[in-house]
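Just below is one structure, and these are the notes that go with it.
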Amino acid sequence: MTVRWGLIGASTIARQFMIEAIRSQPDGEVSAVMSSNADRAAAYAKENGIPAAFSSLDELLSSCVDAVYISTTNELHLVQAIAAAKAGKHVLCEKPLALNSSDARKIVAACKGAGVVMGTNHHLRNAGAHRAMREAIASGRIGTPVAARVFHAVYLPENLQGWRLSKPEAGGGVVLDITVHDADTLRFVLASDPVEVTAFAQSAGMAAGGLEDGAMCVWRFANGVIAQSHEAFTVKYAGTGFEVHGSEGSLIARDVMTQKPLGSVTLRTASGEEELSFDREDLYTRSLRAFHAAIRGEGQPAATGEDGVWSLAAAEAALASAKSGRAQKIEAGV
Ligand code: NDP
């Protein structure tokens, strides 16, 4: 059976990655797009070969779509996701699920109540590199993990230098944009929940309106691992990376905090260095495949709604710590 998708939001991420990921599924079809502006909806539909264009949520939800992909600005996710669930549509929502974890829990509850599949589009869990790291840790290749470091300071591309830098009311700022991904990826790779965070945030010239464009966080996980992460919109030449250090070895990954299936993972132990091989499937295509399988009743989305609540609770605690100057407990309550 074909899964007919309705796009809520005429967004860059849908154009760059998600439309193709849906179409690459043998049972995937992009049936409609909704924008708040009728002209933009029509132009986007034409540009991307989408049969129907709507400028209201009701119209989209009354159409024949089976699932929605929500990639509007962050303040809109809550209302749109709950309306979609009530209309009986499966929901794949972008991160952060909402502006705070309490609203994110409402989305999860609405989807559960309606009996629809809900996923959070944390693409990095789908990267072969991160899955290889998770498997190496789970199979004991670095002994007991003790510490991790995430390097995710990048330069926000010019075409995205809009609401992320200037609109707190739309959920702008680097913590809701990138720290959520880092919290989720650490949680996935370490297979442990974050319990506490201390963070510093900065506004180093790009963000306005009290928003932050850089953050450094120190995390404690339930399994005892401590981790640090650096997120930024302002850093042009750092490159990205992810390291996990254990009693018997270290995993050192480079260029892996990205939307593409790139990078390398090196295992360093007493025996020397080994490059881990991993699959290079497109991250978003894999995410969609898992979501379609979940609709058929086979397994769960790569990142569930609960995972989205966790990453937002973690980011929320990081923001609270940056504001208060004190460590904050992380309680996802899911
Ligand atoms: P965009 O800024 O491209 O789109 C967001 C909204 O802005 C759209 O829904 C659209 O509103 C409006 N918009 C877009 N282009 C224009 C324009 N030219 N003029 C006026 N309004 C415009 O956002 P992104 O695609 O970067 O991000 C969307 C969501 O996806 C966010 O929640 C973000 O956090 C998430 N994201 C996730 C990624 C991932 O890998 N998981 C990567 C990037 C983003 P309308 O629909 O009403 O037309």
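The values are calculated or read from the model by the stated rules, or taken from the named source; none is laboratory data. What you see is a predicted model; the values in this text were computed from it and never measured. Glycine gets a Cβ as well: all are built from the backbone with ideal geometry, and neighbour counts include every protein chain shown. For the accessible areas, the whole protein counts, side chains as well, though only heavy atoms, and no ligand, DNA or RNA atoms are used. Shrake-Rupley method; radii C 1.70, N 1.55, O 1.52, S 1.80 Å.
Sorting 84-95, 309-320, 52-63 by average packing, meaning the other beta carbons within 10 Å per residue, from highest down gives 309-320, 84-95, 52-63.
Short version: what are the Cα gyration tensor semi-axes of the stretch 3-122, square root of 5 times each eigenvalue, largest first, in whole Å? Could you put the intermediate results ahead of the total?
Details: eigenvalues 90, 43, 37 Å².
Equivalent ellipsoid of the stretch 3-122: 21, 15, 14 Å, largest first.
Annotation for the stretch 201-219 versus the stretch 93-112: alpha-carbon center distance of 24 Å.
With +1 on the Cβ of every Lys and Arg and -1 on the Cβ of every Asp and Glu, and nothing else charged, how large is the dipole of the chain about its Cα centre, in debye rounded to the nearest 20?
Details: 31 positive and 36 negative charges, 47 e Å.
Dipole magnitude for the chain comes out near 220 debye.
Averaged over its residues, the chain has an accessible area of 42 Å² per residue, based on protein heavy atoms and a 1.4 Å probe. Just for the chain, what percent of DSSP beta bridges are antiparallel, to the closest 5? The antiparallel fraction comes to roughly 60 percent.
In the chain, the inverse of the mean reciprocal separation of distinct Cα atoms equals 20.2 Å; this is its Kirkwood hydrodynamic radius.
Placing dummy labels 7 Å off each Cα toward the beta-carbon, the span from residue 281 to residue 327 is 3.9 nm.
Expressed as a whole percent, the accessible area of the chain that falls on carbon and sulfur atoms is 51 (1.4 Å probe).
The number of Lys pairs in the chain with C-alpha atoms less than 27 Å apart, excluding pairs fewer than 8 positions apart on the same chain, is 24. Tell me the net charge near residue 282. Cut-off is 11 Å between Cβ atoms, residue 282 excluded, with +1 for each Lys or Arg and -1 for each Asp or Glu. With Lys, Arg at +1 and Asp, Glu at -1, the net is +1. Kirkwood radius and radius of gyration were both taken over the C-alpha atoms of the stretch 144-245, and their ratio Rg/Rh is 1.00. Pairs of Cα atoms nearer than 8 Å and 6+ residues apart set the relative contact order; for the chain it is 19 percent.
Stretched out straight at 0.36 nm per residue, the stretch from residue 169 to residue 248 would grow longer than its current Cα-Cα span by 23.8 nm. Rounded to the nearest 10 degrees, the angle from helix 283-295 to the longest Cα principal axis of the chain is 60 degrees. Near residue 89: Cβ cut-off under 15 Å, other residues only, Lys/Arg at +1 and Asp/Glu at -1. The net charge is -1. Here is the size of the stretch 17-86 from its Cα atoms: Rg then Dmax, 11.9, 33 Å. Take the Cα of residue 20, step 7 Å toward its Cβ, do the same at residue 191, and the gap between the two points is 3.3 nm. Within the listed set 222, 98, 303, the Gaussian network model of the chain (springs between alpha-carbon atoms below 10 Å) gives the highest mean-square fluctuation for 222. Cα-based values for the stretch 167-314, radius of gyration first and Dmax second, are 16.9, 52 Å. With everything on Cα atoms, drop me the angle between helix 38-47 and the longest principal axis of the chain, reported from 0 to 90° to the nearest 10. The angle comes out at about 70 degrees.
Can you give the net charge of the other residues whose Cβ lies under 9 Å from the Cβ of residue 32, counting K and R as +1 and D and E as -1?
Details: positive: 4; negative: 59.
In short, 0.
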